[in-house]
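Heads up: the structure comes next, in C-alpha cells.
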Amino acid sequence: MATILTLAGDGIGPEIMTQAVDVLNAVNNKFELGLTLESGLIGGVAFDATGEPLPEETLERARAADAVLLGAVGGPKWDAIERSKRPERGLLKIRSELGLFANLRVAKLYPQLVNASSIKPEIISGLDLLIVRELTGGIYFGEPRGIRTLENGEQQGYNTMVYSTSEIQRIGKVAFELAKTRAQAAGRPAKVCSIDKANVLEVTELWKQTMIEIQQADYNDVALSHMYADNACMQLIKDPKQFDVMVTGNMFGDILSDEAAMLTGSIGMLPSASLDEAGKGMYEPCHGSAPDIAGQDKANPLATILSVAMMLRYTFKKEEAAQAIEQAVSDVLDDGLRTIDILDRSETGLKQVGCQEMGQAVLAKLVQ
Ligand code: IPM
Ligand code: MG
C-alpha cells in the first residue's frame, strides 16, 4: 500500500491542503488507488512546535513515504529568526535531502481564464508550456555563502553559483525526455529551449555546452535552442507560445516560473512536481504561503488540487485519476466559479467563491 505524507505548512497552506486532501480522498475511493494519507509538520509551524523548520521526524517520514504533498511555508512571524531556522530553509532542505533535483512547472492556460490574465488573449490562448527547473543546485545551494565583515568594517553578502556537468546532464535528460513525451501526445515535433546567461556567467557557459552535448549524443530528435535569461523574461511576455519545454537552473527557474504563472491568470493555478532520480516526488503549488490572506477563506486551492493530479500522474502512474481531477477543475471553471485571484470583474455570469467552496465544488464533480 502506498503512503502519501501531507505537509500543510504555514499561511494559506492548511486551507488549501484541506481541500486538496478531500479531493485526494475522493479519487482514492473512486479509482480504488489504495493510498494511505499521513500528515506532518514543516516550516514555521514546525519551528514553533520543535525548534526546527524541518524536524528529523518529518524528514524520515518523507523518506519513507511514496510521495509528499506540500502546501506552503513562511510568513512574517518567522522573518526575524536566525536564517538557518527560517521556514524556507525547511523547504530547501527537504528538496535537497530527498534529492528532488527536477522541478516541473506547467503553465497551462485554462481557456475559461483567458480574460483573467493581464496579457492580451491572443498572446496566451492555447498556452501550455513546461518549465524544467533544476532544484537542488546552483546558487541556492552553492558554497561558500554568507555575510562577512570586510577589513574596512563594511559587510559583504556573497553566494556561489555552481553546476557540475553531471548535474546539468541529469536535468537536461529530464527536459529532453519530457519534450519527447509532450510532443508525441500533441503530434508535433519536440523542442527544448535552454535558458542561460552564457554571455556573462561561466557556470552557464558550461550549462549551455553540456546541453548541446546531450542533445547531440542522445536527442537528435529534439530541437534544442538557447536563450539568455533576460531575453527569456521578455519573450515570455511577448510571445510565450514559442516555447514548449524550457530548461534552466534553480534561480532563473524560480523567476521564470512566477512570470509564466501570471500568463495563466494567477499563480494560484500553477502546480508543480519535484522528482528524484527514481521518479519519486514532492508535489506543491508554485505560490507561497500568502500570509496577507491566510485564514480568510480567500486562497485559490486549485494549484494544490492540480498538484495532486501531477502526483497521480508522475509518481503513481494513474493517468485516468489525474485526468479526472483536471477535468473536474475545468468543469468548475466552466460553471463560472472563481476565487478572487482569477475573477475577471468585467465578465458576466461568474461567481466569486472562497477556498472551501471552490475545493468542495471540485470534489462534487468527482463524486457525482
Ligand atoms: C518556489 C519558492 C521557493 C524558492 C522559496 C519559498 C524558498 O519561491 O518554490 O518557487 O525560491 O524555490
Ligand atoms: Mg518561487
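The values are calculated or read from the model by the stated rules, or taken from the named source; none is laboratory data. All values derive from a computational prediction rather than experimental measurement. In this analysis, Cβ positions are derived from the backbone assuming ideal geometry, glycine residues included, and neighbour counts consider all displayed protein chains.
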Quiz item: Quick one: in the stretch 15-35, which of the residues that are of a type in the set (S, T, N, Q) and either surrounded by fewer than 17 Cβ atoms within 10 Å (Cβ to Cβ) or out of contact with any helix residue (DSSP H, G or I) (no Cβ under 8 Å at 6 or more places or on another chain) (or both) is nearest to residue 312 (Cα to Cα)?
Solution: 28
Quiz item: Can residue 322 be described as at pLDDT 95 or above, of a type outside the set (S, T, N, Q) and in a helix (DSSP H, G or I)?
Solution: yes
Quiz item: Would it be correct to say that residue 251 is in the same structural domain as residue 166 (by TED's automatic domain parsing), at pLDDT 95 or above and within 16 Å of ligand 1 (Cβ to nearest atom)?
Solution: yes
Self-check item: Enumeration of residues in the stretch 67-92 that are acidic (Asp, Glu) and either farther than 21 Å from residue 294 by Cα or under 16 Å from the mean Cα position of the chain (by Cα) (or both)
Solution: 82, 88
Exercise. For the stretch 93-119, name all the residues that are touching a Pro at 6+ places or on another chain (Cβ under 8 Å) and over 26 Å from residue 186 (Cα atoms).
Key: 93
Quiz prompt | Filtered residue count, the stretch 120-158, keeping only those that are within 16 Å of ligand 2 (Cβ to nearest atom) and either surrounded by fewer than 16 Cβ atoms within 10 Å (Cβ to Cβ) or over 30 Å from residue 212 (Cβ atoms) (or both) | solution = 0
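Yes/no matrix, rows are residues, columns are (1) surrounded by fewer than 21 Cβ atoms within 10 Å (Cβ to Cβ); (2) more than 16 Å from ligand 1 (Cβ to nearest atom); (3) of a type in the set (S, T, N, Q):
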site	(1), (2), (3)
201	yes, yes, no
206	yes, yes, no
220	yes, yes, yes
246	no, no, no
268	no, no, no
Quiz item: What single numbered condition from (1) surrounded by 11 or more Cβ atoms within 10 Å (Cβ to Cβ); (2) under 26 Å from residue 15 (Cα atoms) fails to hold for residue 64?
Solution: (1)
Practice problem: Output the residue which, of all residues in the stretch 272-285 that are buried (at least 24 other Cβ atoms within 10 Å of the Cβ) and within 13 Å of ligand 1 (Cβ to nearest atom), is nearest to the chain's Cα centre (by Cα). | Solution: 272
Quiz item: Within the stretch 194-205, can you find the residues that are under 26 Å from the mean Cα position of the chain (by Cα) and either closer than 16 Å to residue 173 by Cβ or assigned to a loop (DSSP other than H, G, I, E, B) (or both)?
Solution: 194, 197, 198, 201
Quiz prompt | Options 265, 279; residue that is at pLDDT below 95, within 16 Å of residue 94 (Cα to Cα), part of a loop (DSSP other than H, G, I, E, B) and of a type in the set (Gly, Ala, Ser) | solution = 279
Quiz prompt | Boolean, residue 321 is surrounded by 19 or more Cβ atoms within 10 Å (Cβ to Cβ) and under 30 Å from residue 255 (Cβ atoms) | solution = no
Self-check item: Residues (under 18 Å from residue 199 (Cβ atoms), surrounded by fewer than 18 Cβ atoms within 10 Å (Cβ to Cβ) and touching a strand residue (DSSP E or B) at 6+ places or on another chain (Cβ under 6 Å)) located in the stretch 222-234
Solution: 225, 226
Self-check item: In the stretch 208-262, residue farthest from residue 130 (Cα to Cα) [restricted to those that are more than 16 Å from ligand 2 (Cβ to nearest atom) and assigned to a loop (DSSP other than H, G, I, E, B)]
Solution: 220
